[in-house]
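Please treat every number below as a calculation from the coordinates, not as lab data. Just so you know, these numbers come straight off a predicted model, no measurement behind them. Here the Cβ positions follow ideal geometry from the backbone for every residue, glycine too, while neighbour counts run over all protein chains shown.
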Ligand code: NAD
């Protein structure tokens, strides 16, 4: 097993260090190599996704990714911004299916902004298409000026597109995931206004014919956004396009209390994948030993399950995280009265100890 480790920027290196410590105590054979990505790579090599980093990711069975981005890079030309590294990796590794579970751990129901009874036991899976939609349409109006500003230009535009195969393959992924859960899929679109999403609805409905054991319903994205805060437990698997998935998965993440708890996986057709926390690089708390490393540690568990065929190791990590939460340890983002506040490093050490003891 060959793992590419890309810590990135901001809190990325801190949270990655804890995930790597957990990986090291699992007693499974693996090789790993670490490389710069994002702003750190731009600072060192002039590009957020240098050739050597891309090659490393292409060779690997799986990529464990921290986070990228910092406000200090906001004025860079778009192609050099740290976030472009993620788009480049998705494109090059053909990662088309993004899995973002939103699970509310029973110990953390109070951390949600919703009433505990609305979120207790919440377990949603958002399946987001990653390679199409408005992020990869015809860019982007008139070219920006070299300093990155639009310099009084009269308009800018992006175009939304989906191809039939792109929709078919993500629909299959969602229906197959639903078969392992409660056999319900909600497809989210904007078919009432956008041609692209009328097409999406038609194709998802066609694919559904192959899954008679799975229930399918369709929701407009504005209604889905409302229902997610009104009655989130009514959902099971949500499948949607790139942009709606981007927004709804962050909304769902907040239902669970902290974005610092949520892992994600982006997979290609061969189940090779990139695993990263759902949150960004949090420059506001970087270097302070207060970031929550659990989303990255749980992303490692997803990696072991989906790409490295080590389901038992994944379960060990997940059980260790539950045990640590039950023991009352909390990073600042999930802290509440009566629990014990710990830093990034201490949280990592507690998970390492629980994994070792299992
Ligand atoms: P963010 O997710 O980095 O932070 C949002 C808020 O959540 C902040 O208050 C932050 O302190 C907090 N937070 C995030 N992760 C946390 C953790 N593990 N523990 C505790 N608190 C945590 O989003 P943002 O502030 O909008 O973006 C910051 C930078 O990250 C930007 O440059 C953005 O482009 C980038 N970004 C990167 C990714 C990625 O690498 N995949 C994703 C989203 C944003």
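Go ahead and run the numbers for FRET between residue 25 and residue 51, Cβ-Cβ distance against an R0 of 41 Å, rounding to 0.05.
Numbers: r = 33 Å, r/R0 = 0.81.
E between residue 25 and residue 51, to the nearest 0.05, is 0.80.
Report the relative contact order of segment 226-324, percent, no decimals, based on alpha-carbon pairs under 8 angstrom and at least 6 residues apart.
It comes to 21 percent, rounded to a whole number.
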Grab every C-alpha pair in segment 1-104, bin the distances at 10 angstrom width from 0 up to the longest one, and report whole percents.
-> 15, 44, 34, 7, 0
Using 7 Å Cα-to-Cβ label points, what is the residue 135/residue 289 separation (nm, one decimal)?
-> 3.5 nm
Spin-label model distance (nm) - residue 356 vs residue 215, 7 Å beyond Cα toward Cβ = 4.8 nm
Shape call, segment 250-358: gyration tensor on alpha carbons, a/c limit 1.5 = oblate
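Just need the relative contact order of the chain here, percent rounded to a whole number, with Cα pairs under 8 Å and 6+ apart.
Details: 764 pairs, mean separation 78.5, N = 358.
Result for the chain is 22 percent.
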Computed over the chain, the convex hull of the Cα set has an average projected area, in nm², of 18.1 nm²
Report, for the chain, the % of DSSP beta bridges that are antiparallel, rounded to 5.
-> 35 percent
When the helices in the chain are scored as -39500 (n - 2.57) per DSSP H run of 4 or longer and the sum is shared across all residues, what 222 nm value do you end up with, to the nearest 500 deg cm²/dmol?
-> -12000 deg cm²/dmol
Gain upon complete extension [residue 74, residue 345; 0.36 nm per residue less C-alpha separation] | 94.6 nm
How would you rank 67-79, 10-22, 227-239, highest first, on the average number of other Cβ atoms within 10 Å across their residues?
-> 10-22, 227-239, 67-79
Take the alpha carbon atoms of segment 177-277, find their radius of gyration, then divide it by 2.2 N^0.38 Å using N residues; give the quotient.
-> 1.12
Simple spin-label estimate for residue 269 and residue 168 in nanometres, 7 Å along Cα-Cβ | 1.1 nm
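Among bridges DSSP assigns within segment 97-262, what percent are antiparallel (round to 5)?
35 percent
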With contacts defined as alpha carbon pairs under 8 Å and 6 or more residues apart, what's the relative contact order of segment 97-262 in percent?
-> 35 percent
Distance cut-off 23 Å, percentage of C-alpha pairs in segment 97-262 lying past it | 44 percent
Given a Förster distance of 25 angstrom, what is the FRET efficiency for residue 156 paired with residue 92, based on the Cβ-Cβ distance and rounded to 0.05?
-> 0.40
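Provide the FRET efficiency to the nearest 0.05 for the residue 58-residue 110 pair, computing r from the beta carbons and using R0 = 41 Å.
In this case the efficiency is close to 0.40.
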